[in-house]
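A.B. asks: Structure provided below as structure tokens; questions to follow.
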Amino acid sequence: MKKIILLLAVLGTQLFSGCREHAEPVVVVDFWALGREGEVVRQLVPEFERTHPGIKVKVQQIPWSAAHEKLLTAFAGRVMPDVFQLGNTWLPEFVALKAIHPLGEQVSRSNDLPLDDFFSGIVDSNRVETRLYGIPWYVDTRVLFYRKDLLTQAGFDRPPATWEEWMDMMEHVKRLDSARYALLIPMNEWQLPVILGLQLGAHLLKDNNCRGDFESPEFRQAFRFYREIYRRELAPALAESQIANLYQEFANSYFSMFITGPWNIGEFRHRLPAELQEQWATAPMPAPMAGTAGLSLAGGASLALSAASAKKAEAWQWIEFLSRSEQQAAFYRLSGDLPVRRSAWQDEILAADDKAAAFRQQLEAVVSLPRIPEWERIASRLAIALERAIRDGASDDEVLSELDRDVDRILEKRRWLLEHRS
């Protein structure tokens, strides 16, 4: 009996030892995702873990409102996650902090990430001084949302293609009812005048992004067009906070056109009454003139790899997985976020979505904002200047020269650092 017990004990030890020798080590990749993306991306984790045995992904959802501060705090405390979602306008700041690992080498070795399948304007927004620091995850840009029935009443059977057509159309829509407006553009939103300026070739900043360039002829021309909309009372002089329910106002015909992003496709479908669902549509941005591009902004969020991560190989596999066409399409179905890869737009649901078609077209003509960490502060100053111009009636010269002075002050440290870099 003793011999049998001893034999079983030896066999048990050998079996346990064998299991231990062949067990796959588990590496846990920490991933911070923001807002709703953090909620829905969890549904993609099981497929990744099934196809990547030995790697687990731990998702932490961070509210957008707290994300920037939390990421900076994590960097300062040296507790950054391995992979994190990053808004495109935040990327230069984290590059300057050396918080992000450049990804050019990983992309060049990958068979799953041909960059020519990505919308080039979005990829460019992830480059800083020619180096690629983020992989675009989903994309947004701004297009024209409009009421087909109101444009038809005003005598138009299609959306505007040029600025001239756009202004003419807005005039005709305004004549339908002087108490209503053709366009809603909250006067403290900086995006429209920036889009108009970029369409005309304005650079916004000059001297190696060290000084403001809002007094340039190109931005001046765009600014005049923007102000003319208010001068002719084609848009209400309201700030964003003064618009209680834009969906209801759109349904009430208070305005006929609105420039916004893909997040409002779902909102319009959900919040507008059933009888209006066939009466609203989307269109690419009007161009300054026939034969020119109606550019818009390259926005969205990207996936970044922490420079401090000790699991870069495993973390990269998670980024690579999320960037594949099939996962981009799956993520669209879960979140409504638009794919950044052209091949993912062949997904049958997305390809059949007539409201998304304008975004597909617009994404071929998007440009990046200046890729510097100070852009968020500059955008805030621009919003203040716009509101002052519309509310107080300050002249173009006053507004733009003051804006350039403010921007020069914001960029003072940047100039000093560049001058002393050598």
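A.B. asks: Output the residue which, of all residues in the range 155-170 that are closer than 20 Å to residue 185 by Cα and more than 27 Å from the chain's Cα centre (by Cα), is surrounded by the most Cβ atoms within 10 Å (Cβ to Cβ).
C.D. replies: 169
A.B. asks: Still on this structure, I have one more. When the range 373-409 is examined, which residues are found to be within 24 Å of residue 302 (Cβ to Cβ) and touching a Lys or Arg at 6+ places or on another chain (Cβ under 7 Å)?
C.D. replies: Residue satisfying the conditions is 374 alone.
A.B. asks: Somewhere in the range 86-96, is a residue modelled with pLDDT of 95 or more and among the charged types (D, E, K, R)? Even if it seems obvious, please write down each step before you answer.
C.D. replies: Taking the range 86-96 and keeping what is modelled with pLDDT of 95 or more, we get none.
No, every residue in the range 86-96 fails to be modelled with pLDDT of 95 or more and among the charged types (D, E, K, R).
A.B. asks: Further, regarding this structure: Test residue 127 against the stated conditions and say whether it is within 30 Å of residue 372 (Cβ to Cβ) and modelled with pLDDT under 95.
C.D. replies: Here the answer is yes, as residue 127 does meet what is asked.
A.B. asks: If you scan the range 335-352, which residues turn out to be open to solvent by 20 Å² or more (accessible area, probe 1.4 Å), in contact (Cβ under 8 Å) with a residue 12 or more places away in the chain and not in a helix (DSSP H, G or I)?
C.D. replies: If the condition is that a residue be open to solvent by 20 Å² or more (accessible area, probe 1.4 Å), in contact (Cβ under 8 Å) with a residue 12 or more places away in the chain and not in a helix (DSSP H, G or I), then 336, 337, 347 are the ones that fit.
A.B. asks: If you scan the range 368-422, which residues turn out to be of a type in the set (Gly, Ala, Ser) and either surrounded by 13 or more Cβ atoms within 10 Å (Cβ to Cβ) or not in a loop (DSSP other than H, G, I, E, B) (or both)? So that I can check it myself, show each step before the final result.
C.D. replies: Quick first cut of the range 368-422, residues of a type in the set (Gly, Ala, Ser) only: 368, 379-380, 383, 385, 389, 393-395, 401, 422.
Passing the criteria: 368, 379, 380, 383, 385, 389, 394, 401.
A.B. asks: With assigned to a helix (DSSP H, G or I) and buried (at least 22 other Cβ atoms within 10 Å of the Cβ) as the only criterion, which of 173, 139 stands out? Can you show your working first?
C.D. replies: Details: 139 fails: assigned to a helix (DSSP H, G or I).
It is 173.
A.B. asks: Based on what the data block shows, is residue 183 open to solvent by 10 Å² or more (accessible area, probe 1.4 Å), within 26 Å of residue 376 (Cα to Cα) and among the aliphatic types (A, V, I, L, M)?
C.D. replies: Here the answer is no, as residue 183 does not meet what is asked.
A.B. asks: List every residue pair whose Cβ atoms lie under 6 Å apart, where the two residues are 6 or more positions apart in sequence or sit on different chains, the first residue falls within the range 197-222 and is free of Cβ contacts under 8 Å to residues at least 60 places away in the same chain and under 18 Å from residue 411 (Cα atoms), and the second residue, located anywhere, is small (Gly, Ala, Ser) and crowded, with 21+ Cβ neighbours inside 10 Å.
C.D. replies: So the pair list comes out as 216/202.
Yes/no matrix, rows are residues, columns are (1) part of a helix (DSSP H, G or I); (2) open to solvent by less than 10 Å² (accessible area, probe 1.4 Å); (3) not assigned by the TED database to the domain that holds residue 187:
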| residue | (1), (2), (3) |
| --- | --- |
| 214 | no, yes, no |
| 221 | yes, no, no |
| 225 | yes, no, no |
| 233 | no, no, no |
| 241 | yes, no, no |
| 244 | no, no, no |
| 250 | yes, yes, no |
| 256 | no, yes, no |
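A.B. asks: Report every pair of residues separated by at least 6 positions or lying on different chains whose Cβ atoms are under 7 Å apart, first residue within the range 304-327 and closer than 15 Å to residue 80 by Cβ, second of a type in the set (Gly, Ala, Ser) and not in a helix (DSSP H, G or I).
C.D. replies: Pairs found: 304/134; 306/99; 307/99; 315/309.
A.B. asks: Let me ask another. Can you find, within the range 258-274, the residue that is nearest to residue 175 (Cα to Cα) among those that are of a type outside the set (A, V, I, L, M) and part of a helix (DSSP H, G or I)? Give the derivation first.
C.D. replies: If we filter the range 258-274 for residues that are of a type outside the set (A, V, I, L, M), which is where we start, we get 258, 260-264, 266-271, 273.
Next, only the ones that are part of a helix (DSSP H, G or I) stay: 263-264, 266-271.
Working: 263: 31, 264: 27, 266: 30, 267: 29, 268: 25, 269: 28, 270: 30, 271: 27 Å.
Looking at residues that are of a type outside the set (A, V, I, L, M) and part of a helix (DSSP H, G or I), I get 268.
The values are calculated or read from the model by the stated rules, or taken from the named source; none is laboratory data. Source: prediction; values computed, not measured. Note that each Cβ is placed from the backbone with ideal geometry, even for glycine, and that neighbours are counted across all protein chains shown. Accessible surface areas use protein heavy atoms only, side chains included; no ligands, DNA or RNA. Shrake-Rupley method; radii C 1.70, N 1.55, O 1.52, S 1.80 Å.
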